[in-house]
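The values are calculated or read from the model by the stated rules, or taken from the named source; none is laboratory data. Model, not experiment: these values are computed from the prediction. Virtual Cβ from ideal backbone geometry, glycine too; neighbours counted across all protein chains shown.
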Amino acid sequence: MLVQTGVSCKWTSDSQQFLLEHFDTIHDSPSQIYHSALPFSPSSSWLRKCYSMEVSQVFRVVKGLASEWRTCSRTVLLDGSPKTLSYGNSTVAVGLQSGDIAILDAITGSQSAILSGHRYWVMSLAFSPGGTSLVSGSCDETVKLWDMQTGGVVKTFSGHTDWICSVSISSDCTRIASGSYDRTIHLWDIQTGECRHVIKQQGTVDYVSFSPTDPGHFIFISESKVQQWDINGQQTGPTYDSSHIAFSPDSTQFALCNRTVVTVQNSNSGVVAAKFHVADGKIKHCCFSPDGRLVAAAASRIIYVWDVASSNPHLIETFVGHAIDISSLVFSPSYLISASGDQSVRFWQTSVMSKVYIQNGPGFIPPGLASIESVGLQAGDGIAITSDSARVVKIWDILTGLCKSSFQTPAEGKTWRDAQLIDGRLILIHYKDWKIHIWDAEKSELLQILDVSWCRGIRISGDRSKLFCLRGETIQAWDMWTWEPAGEVELESADLFLDPICPDGSKVWV
């Protein structure tokens with residue numbers, strides 16, 4: 001995922017836009033790349049220009065073709081109106097009017113699951129800090145805790161007597177806070193499922209959130225007043241006028257929404273860092289980008305994005321596209337994501353985020369002292385595997401760019417030319433001495449070394465069940481679990497090489 005400047009940078013950016021814009025078409029029928037995707041790509045598209053011959057042989061769009069890619073990279077249509085969004089661990093959760101929760105991939109927008117359990121509209125969602133759990137609040141007056149691995153309900157919390165407007169989970173994952181139309185805030189013990197405190201207010205509790213840094217404090221909004229309390233029901237800080245509040249990822253700043261004004265303030269001193277105005281509509285939602293550089297706000301059907309990190313904070317972009325008022329807004333590492341009553345979720349790419357994304361890639365790998373000798377991408381598993389000249393093998397999360405594991409391989413192996421992670425085992429292939437090293441990726445222990453001398457090609461099958469080895473005029477197949485021979489085929493010629501891709505465990509191309 002390391003991208004250079006110039007042509008490579010342009011190719012990466014254009015390819016990303018191309019795939020997202022035509023994701024559904026390509027997913028349903030890859031052959032439509034030439035029949036639908038390329039012909040309808042903008043005239044300035046690098047891919048369209050590169051494959052102009054293929055486009056001309058199909059048909060031409062003579063009128064209405066866009067000149068540039070749209071700022072909205074992806075529009076996902078849903079079966080129902082979304083009320084709320086939440087982002088966590090490469091996933092977007094969408095609360096629907098039906099009571100269902102749609103789970104979308106944060107990069108492609110593809111739907112991976114539907115969580116069913118609520119009877120009415122899901123009004124609020126909140127991921128746990130690690131993204132392994134999801135909390136939901138509904139008009140059916142219940143709060144549910146979901147396991148994101150199984151998609152099942154862990155606990156249901158009952159006690160409110162009216163619609164639940166907002167939910168939050170503490171940073172230490174021990175408590176859930178819920179605010180309701182019944183003018184109360186309930187603090188729930190996750191382990192026991194019991195309600196520890198009920199805090200009564202004079203009006204509807206429209207918003208509640210635990211402090212990002214202190215699980216013993218929370219913030220709530222009632223009657224357009226922002227208040228800070230501790231979990232024992234005591235007010236601990238000043239009160240602000242606002243209908244919505246959002247904190248920066250490092251909690252050093254917060255943004256307040258008050259009608260047509262967004263005010264960004266320092267969390268410790270309360271000093272106003274910036275103040276922004278919108279022309280039309282009442283601001284209902286705002287959020288910070290993951291790096292804290294941007295603040296986005298939704299007013300009616302329009303999204304405004306400001307740069308708050310510069311010496312002169314200013315408006316950098318305005319997004320228009322939803323047909324009905326925006327109901328929720330959230331940032332992911334790559335996109336600004338919005339939900340609307342028009343039954344759609346849209347993925348917007350700001351110019352600032354686009355530049356960072358292109359330069360670093362979604363899985364930016366920081367450079368080290370040793371040069372990278374090989375990179376293996378397992379997109380389906382969300383990882384990349386690198387080996388460097390110092391014989392260090394690392395497994396990276398391609399979305400966050402974080403190194404998941406790293407270990408030193410033996411000096412005798414020198415550098416690796418191929419690596420794959422298969423069911424917890426790291427398969428390293430060195431083409432110089434034709435040896436295969438098999439490692440336990442969790443324990444960083446060497447399990448086995450296979451000598452495949454005199455090979456002219458080694459390939460792992462697409463289903464990861466077999467390893468094919470070309471020796472002389474013979475192709476040998478090895479079982480990837482037992483490493484016992486699984487088949488052998490004699491060829492008529494020795495002047496053959498294995499194809500780079502072996503589709504499955506039963507066929508191989510030469």
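Close Cβ contacts (under 6 Å, 6 or more residues apart or on different chains) running from residues in segment 77-101 that are under 11 Å from Phe127 (Cα atoms) to residues that are part of a loop (DSSP other than H, G, I, E, B) and of a type in the set (Ser, Thr, Tyr) comprise Tyr87/Ser332. Out of all the residues in segment 103-121, is one or more at pLDDT 95 or above, under 25 Å from Ile398 (Cβ atoms), over 14 Å from the mean Cα position of the chain (by Cα) and not hydroxyl-bearing (Ser, Thr, Tyr)? No: segment 103-121 contains no residue that is at pLDDT 95 or above, under 25 Å from Ile398 (Cβ atoms), over 14 Å from the mean Cα position of the chain (by Cα) and not hydroxyl-bearing (Ser, Thr, Tyr). The set of residues in segment 178-201 being of a type outside the set (A, V, I, L, M, F, W, C) and part of a strand (DSSP E or B) consists of Ser178, Gly179, Ser180, Thr184, His186, Asp189, Arg196, His197, Lys200.
Taking segment 272-314 as the range and being assigned to a loop (DSSP other than H, G, I, E, B) and within 23 Å of the chain's Cα centre (by Cα) as the test, the residues that pass are Ser289, Pro290, Asp291, Gly292, Arg293. Taken as a whole, the structure places Ser112 among residues that are exposed (fewer than 14 other Cβ atoms within 10 Å of the Cβ), touching a strand residue (DSSP E or B) at 6+ places or on another chain (Cβ under 6 Å) and not in a loop (DSSP other than H, G, I, E, B).
When residues of segment 261-300 are filtered for being of a type in the set (Phe, Trp, Tyr), closer than 13 Å to Leu315 by Cα and either surrounded by fewer than 14 Cβ atoms within 10 Å (Cβ to Cβ) or not assigned by TED's automatic domain parsing to the domain that holds Ser242 (or both), how many remain? Spell out how you get there, then give the answer.
Of segment 261-300, the ones of a type in the set (Phe, Trp, Tyr) are 276, 288.
Okay, now just the ones that are also closer than 13 Å to Leu315 by Cα, so 276.
Subset that is either surrounded by fewer than 14 Cβ atoms within 10 Å (Cβ to Cβ) or not assigned by TED's automatic domain parsing to the domain that holds Ser242 (or both): none.
Of the residues in segment 261-300, 0 are of a type in the set (Phe, Trp, Tyr), closer than 13 Å to Leu315 by Cα and either surrounded by fewer than 14 Cβ atoms within 10 Å (Cβ to Cβ) or not assigned by TED's automatic domain parsing to the domain that holds Ser242 (or both).
Quick check on segment 31-43. Is at least one of its residues assigned to a loop (DSSP other than H, G, I, E, B), at pLDDT 75 or above and under 17 Å from Leu104 (Cα atoms)? Checked against the condition, which is being assigned to a loop (DSSP other than H, G, I, E, B), at pLDDT 75 or above and under 17 Å from Leu104 (Cα atoms), segment 31-43 yields no hits at all. Looking across segment 12-30, the residues that are in a helix (DSSP H, G or I) and either of a type in the set (Ser, Thr, Tyr) or surrounded by fewer than 19 Cβ atoms within 10 Å (Cβ to Cβ) (or both) come down to Thr12, Ser13, Ser15, Leu19, Asp24, Thr25, Ile26, His27, Asp28.
Which one of these is modelled with pLDDT under 95, surrounded by 15 or more Cβ atoms within 10 Å (Cβ to Cβ) and either closer than 29 Å to Ala113 by Cα or of a type in the set (A, V, I, L, M) (or both): Ile185, Ile231?
Ile231
Given the criteria of a type in the set (Ser, Thr, Tyr), touching a His at 6+ places or on another chain (Cβ under 8 Å) and modelled with pLDDT under 65, does Thr409 qualify? For Thr409, the condition - of a type in the set (Ser, Thr, Tyr), touching a His at 6+ places or on another chain (Cβ under 8 Å) and modelled with pLDDT under 65 - is not met. Could you list, in sequence order, the residues of segment 209-223 that are outside any loop (DSSP other than H, G, I, E, B) and farther than 14 Å from Ser242 by Cβ? Those that are outside any loop (DSSP other than H, G, I, E, B) and farther than 14 Å from Ser242 by Cβ: Phe210, His217, Phe218. Here Asp100, Asp79 are screened, and the one residue that is surrounded by fewer than 21 Cβ atoms within 10 Å (Cβ to Cβ) and modelled with pLDDT of 95 or more is Asp100.
The residues of segment 14-30 that are aromatic (Phe, Trp, Tyr) and under 17 Å from Gln111 (Cβ atoms) amount to a single one, Phe23.
Among the conditions (1) modelled with pLDDT of 90 or more; (2) surrounded by 13 or more Cβ atoms within 10 Å (Cβ to Cβ); (3) under 18 Å from Phe127 (Cα atoms), Ser251 misses just one, which is (1). Pairing residues of segment 18-37 that are closer than 21 Å to Thr71 by Cα with residues that are in a helix (DSSP H, G or I) and of a type in the set (Phe, Trp, Tyr), at Cβ distances under 7 Å and at least 6 apart in sequence or on separate chains, gives Ala37/Phe18. When the strands (runs of 3 or more DSSP E) confined to segment 134-177 are screened for residues that are within 22 Å of Asn232 (Cβ to Cβ), those reaching at least 2 such residues are found at 164-169.
Yes or no, residue by residue, for (1) without any contact (Cβ under 8 Å) to a residue 40 or more places away in the chain; (2) touching a strand residue (DSSP E or B) at 6+ places or on another chain (Cβ under 9 Å); (3) on the phi > 0 side of the Ramachandran plot:
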| residue | (1), (2), (3) |
| --- | --- |
| Ala126 | no, yes, no |
| Gly131 | no, yes, yes |
| His160 | yes, yes, no |
| Thr174 | no, yes, no |
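Is at least one residue of segment 250-271 of a type in the set (Asp, Glu) and closer than 27 Å to Thr204 by Cβ? Within segment 250-271, not a single residue is of a type in the set (Asp, Glu) and closer than 27 Å to Thr204 by Cβ.
Checked against (1) crowded, with 20+ Cβ neighbours inside 10 Å; (2) touching a Leu at 6+ places or on another chain (Cβ under 6 Å); (3) under 25 Å from His217 (Cβ atoms), Lys155 meets all criteria but (1). Against the test of being within 21 Å of Arg175 (Cβ to Cβ), assigned to a strand (DSSP E or B) and touching a residue at least 12 places away in the same chain (Cβ under 8 Å), the options Val226, Val264 yield a single qualifying residue, Val226.
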